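*Asks:* This structure is in structure tokens; I'll ask about it shortly.
The values are calculated or read from the model by the stated rules, or taken from the named source; none is laboratory data. The structure displayed is predicted, hence computed values, not measured ones. Cβ: placed from backbone, ideal geometry, glycine included. Neighbour counts: every protein chain shown. These area figures cover heavy atoms from the full protein model, side chains too; ligands, DNA and RNA do not enter into them. Shrake-Rupley method; radii C 1.70, N 1.55, O 1.52, S 1.80 Å.
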Amino acid sequence: MAYSLPPPPPPPPSLPLHNHFTRRSLLLLSTTTTTTTTLSLPSTPPPTPTVTDRVFMDFSLCPNNFLPDRPDSLSPICSDSTLLGRVVLGLFGNLVPLTVSNFKSVCLGSNATSSSYKNTLVHKVFPGQYLLAGRQGRPDKGEVRPPRDLPRNTETVDAKAFALTHSRPGVVSLSLSENDDDDDIKLDPEYRNVEFLITTGPGPCPQLDNKNIVFGTVLEGLDVITAIASIPTYQPSERIRQFNDLAEFFGDGRAQNARNIWNRPLTTVYISDCGELKVTKPSLTPSLP
């Protein structure tokens, strides 16, 4: 006996459009719209640096890397040093005024109170990249002790202060990611970072970008920086590096102490003098090398 199937039930009435939106869907829609709008905006051009201040640093060499204990910080690093040359730095006070002010304060600091870069070491050189100077510690060992009244540098947490890049030789920046001050010094509530680096070339150092504050450039004496970069440094063997990594893995504090001598120049390089050069009229743009 044949029979016919009943007709299908009518579809449910369509809900208004607004009922299909949940809080989650609205949030996702808002996020997508915001992201699309942000990506479509043109990128902000980097700020134009202005050389507002000039300082000089004289670099000298000792005949070897043996540094006997000095009776005080007023004594030279070595008695038979050779002047390598003078470097003139242009500082970008219009972009990072606090970083520039602190750097100048240490350049002009009193050698009698060990608060100056004078008679302090270039303690590391990374061939083809940059040199490090201004490490804090014992003045009789060629390290820096910043002035007690040095202001706290709030620009280290300001994203705008990291706008400039390490795009060429002779870039001067406050060492943050590469800072190797001892941990016990960094834990001091009065700690002020004054360690700086200068790129030596020949190429850029993009690994330093967005991690260190560029605040100046070499205006004169880039050949001196190149000469420092050519000095041989201590490079541990691969076996020593492996043992050091293993010691660090097991929490041996001596691993960090051992790394302090890596990339140290085999000939002692130090800042034999430093000071300010007065600028009568700030230049509109620096004469970059």
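*Asks:* Cut-off under 16 Å on the C-alpha distance; same-chain residues fewer than 8 positions from LYS186 excluded. Which aspartates and glutamates are left, in chain and number order?
*Replies:* GLU143, GLU178, GLU195
*Asks:* Provide, in order from the shortest bin, the percent of all Cα-Cα pairs of region 207-279 in each 10 Å bin, continuing until the bin that contains the maximum pair distance.
*Replies:* Values per bin, smallest distances first: 14, 28, 34, 18, 5, 1.
*Asks:* Between THR200 and residues 5 or more places away or on another chain, which pairs have amide H atoms under 5 Å apart, with H built 1.01 Å from N, and which residues are they?
*Replies:* GLN129, TYR130, LEU131, GLY170
*Asks:* Suppose each label sits 7 Å from its Cα in the direction of the beta carbon; what would the ASN210-THR267 distance come out to in nanometres?
*Replies:* 3.9 nm
*Asks:* Under the rule of at least 5 residues apart or a separate chain, name every residue whose amide H is placed under 5 Å from the amide H of SER272.
*Replies:* ASP58, PHE59, SER60, ASN119
*Asks:* What is the sum of charges around SER175, taking Lys and Arg as +1, Asp and Glu as -1, for the other residues whose C-beta is under 15 Å from the C-beta of SER175?
*Replies:* Net local charge, SER175 excluded: -3.
*Asks:* Taking the Cα-to-Cβ direction at ARG148 and at SER237 and moving 7 Å from each Cα, how far apart do the two end points lie in nm?
*Replies:* 4.9 nm
*Asks:* Using a probe of 1.4 angstrom, how much of the accessible area of region 53-276 is carbon and sulfur, in percent?
*Replies:* Looking at region 53-276 in its full context, I get 53 percent from C and S.
*Asks:* Hand me the trypsin sites (Lys or Arg not before Pro) from region 184-284 located in a DSSP loop with no more than 10 other Cβ atoms within 10 Å, in residue order please.
*Replies:* LYS278
*Asks:* Under the √(5λ) rule applied to the eigenvalues of the Cα gyration tensor, what semi-axes describe the equivalent ellipsoid of region 156-195? Give them in Å, descending.
*Replies:* 23, 13, 7
*Asks:* Under a plain spin-label model, where a point goes 7 Å from the Cα along Cα-to-Cβ, how far apart in nm are VAL157 and GLU248?
*Replies:* Placing both labels 7 Å along Cα→Cβ, they lie 2.7 nm apart.
*Asks:* Roughly how large, in nm² to one decimal, is the mean projection of the convex hull of the alpha-carbon atoms in region 53-276?
*Replies:* Mean shadow area of the hull around the Cα atoms is 12.2 nm².
*Asks:* Just in region 141-177: which trypsin sites (Lys or Arg not before Pro) are loop by DSSP and have at most 15 other Cβ atoms within 10 Å?
*Replies:* ARG148, ARG152
*Asks:* If amide H atoms are built 1.01 Å from N in the plane of the peptide, which residues on other chains or at least 5 residues away come under 5 Å of the amide H of THR50?
*Replies:* ASN94, LEU95
*Asks:* Per residue of region 132-147, in order, report the coupling 6.51 cos²θ - 1.76 cosθ + 1.60 (Karplus, θ = phi - 60°) as ³J(HN,Hα) in whole Hz, putting x for Gly and Pro.
*Replies:* 10, 8, x, 5, 7, x, 8, x, 5, 9, x, 10, 9, 10, x, x
*Asks:* Using 0.36 nm per residue, how much length does the chain from SER177 to LYS278 gain when fully extended, once their Cα-Cα distance is taken away?
*Replies:* 33.2 nm
*Asks:* If you don't mind, another one. Suppose we look only past 19 Å in the calculated P(r) of region 176-238. What percent of the Cα-Cα pairs does that tail hold?
*Replies:* Of all Cα-Cα distances in region 176-238, 52 percent exceed 19 Å.
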